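What follows is a single structure, written as structure tokens, with notes after it.
The values are calculated or read from the model by the stated rules, or taken from the named source; none is laboratory data. It should be emphasised that the depicted structure is a prediction, and the values quoted were computed from it without experimental measurement. Reconstructed Cβ throughout: ideal geometry from the backbone, glycine too, with neighbour counts over all protein chains shown.
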């Protein structure tokens, strides 16, 4: 297939595909799906080998958000029956993070609902970062606290944060249809603030909100222009009690095509399968590992993921390996830039470079609102052949364990 050969060649050179080529990936048929995944897999292996980076979410403050993001179970006016609690204490958050690190997570993502942190909140998160790093040597910490004010990114950096996540979520053209209490430009500004402070920028999208193919391509091109080190791809979980509860627009095949398009446009960044992989990829999750090089381990913010051990078994059975703390995630050309600015990606001169090639040319965590998805720990539903548009609320389980509860976390 000439299109895929062209995209592989461009991905190996880190050359941007044309918009027409990116749109053509989304328009491929199910008969061509394995060819698309195989092509994206060649690009993934060039830059990241067969390693899978594990990330672990800790929801520091759940629910009670004043923002009106239509996709979010924590939004203003949400009737979703999620856990609601105020800030975890640093030792509570550190204990929750330790479960993920023990399961193999290399990065801990600290998330708090809300429009953005106060200066007191930044101090609080700084103490939490210190507690986590004291207990878990070498762990990366990514903060996801909403919109940042001037100086806050620098303070998080000084407190020990390695990265900051703030997703663009959807295209600029359609953003106002999803959220009205802040703007697309506000989100771009926060990602730029994180970058300027020397934090590794983590920013991604949510697919399945009724957007067009053009919207998906627009937001992924914007993420490449922002030069995010990691791009989490969330698949909308239509929580009952939110405005998008009936938006079941994805099939496993569609989700794989979206991931592949992201990989072709952003060939040398950490592409992470984030919220919703269990719900929308379902039994095709192992195929997605051939495209993405990063996943969340265990549960999400307000919903449950599949069992942590099932994640580890899936990675091993698919012929991949968990990326260790002593291995640099990003390829050499991106690691050197990150090290120069003080961001993530460099573990020192003794660290191996994951998937980098001697002949290669030189070249965001989940969402505070968009990563609330998954299922596990409940009686398995009767298998159903689902089509896009079918309502499968049986696949969504609200998180009732881990952070903010007395029950052990899933990791």
Return the pair list, or none, for Cβ contacts closer than 8 Å from residues in region 316-329 that are over 17 Å from residue 270 (Cβ atoms) to residues that are modelled with pLDDT of 95 or more, at least 6 apart or on different chains. 317/286; 318/286; 318/289; 318/290; 319/50
Selection within region 98-110 - crowded, with 24+ Cβ neighbours inside 10 Å and modelled with pLDDT under 95: 100
With respect to residue 92, is the statement that it is in contact with a strand residue (DSSP E or B) (Cβ under 8 Å, 6 or more places away or on another chain) and surrounded by fewer than 23 Cβ atoms within 10 Å (Cβ to Cβ) true? no
Residues located in region 65-89, provided they are in a loop (DSSP other than H, G, I, E, B) and in contact with a strand residue (DSSP E or B) (Cβ under 9 Å, 6 or more places away or on another chain): 69, 71, 73, 74, 80, 81, 82, 83, 84, 86, 87, 88
What are the residue pairs meeting all of these: first residue in region 227-254, first residue at positive phi and modelled with pLDDT under 85, second residue in a loop (DSSP other than H, G, I, E, B) and surrounded by fewer than 24 Cβ atoms within 10 Å (Cβ to Cβ), Cβ atoms under 8 Å, and 6 or more apart or on different chains? 241/78; 241/79; 241/80; 241/81
Of (1) surrounded by fewer than 24 Cβ atoms within 10 Å (Cβ to Cβ); (2) within 30 Å of residue 6 (Cβ to Cβ), residue 277 satisfies every one except (1)
Residue check, residue 49 against (1) modelled with pLDDT under 95; (2) out of contact with any helix residue (DSSP H, G or I) (no Cβ under 6 Å at 6 or more places or on another chain), all met but one. Which one? (1)
Exactly one of (1) more than 23 Å from residue 140 (Cα to Cα); (2) under 17 Å from the mean Cα position of the chain (by Cα); (3) surrounded by fewer than 24 Cβ atoms within 10 Å (Cβ to Cβ) is unmet by residue 237. Its number? (3)
Inside region 210-226, the number of residues satisfying the requirement of being more than 19 Å from residue 185 (Cβ to Cβ) and either at pLDDT 95 or above or crowded, with 24+ Cβ neighbours inside 10 Å (or both) is 5
Working only within region 255-274, note down all residues that are closer than 16 Å to residue 219 by Cβ and in contact with a strand residue (DSSP E or B) (Cβ under 8 Å, 6 or more places away or on another chain). 255, 258, 259, 262, 263, 266, 269, 271, 272, 274
Based on what the data block shows, is residue 347 at pLDDT below 90 and either assigned to a loop (DSSP other than H, G, I, E, B) or surrounded by fewer than 23 Cβ atoms within 10 Å (Cβ to Cβ) (or both)? yes
Considering only residues of region 111-143 that are modelled with pLDDT under 95 and within 14 Å of residue 58 (Cβ to Cβ), which is farthest from the chain's Cα centre (by Cα)? 135
For region 386-411: of the residues being under 20 Å from residue 89 (Cβ atoms) and out of contact with any strand residue (DSSP E or B) (no Cβ under 7 Å at 6 or more places or on another chain), which is modelled with the lowest pLDDT? 401
Over region 307-332, the set of residues surrounded by fewer than 20 Cβ atoms within 10 Å (Cβ to Cβ) and assigned to a loop (DSSP other than H, G, I, E, B) is 307, 318, 319, 320, 324, 325, 326
For region 281-306, what are the residues that are in a loop (DSSP other than H, G, I, E, B) and at pLDDT 95 or above? 289, 290, 291, 292, 293
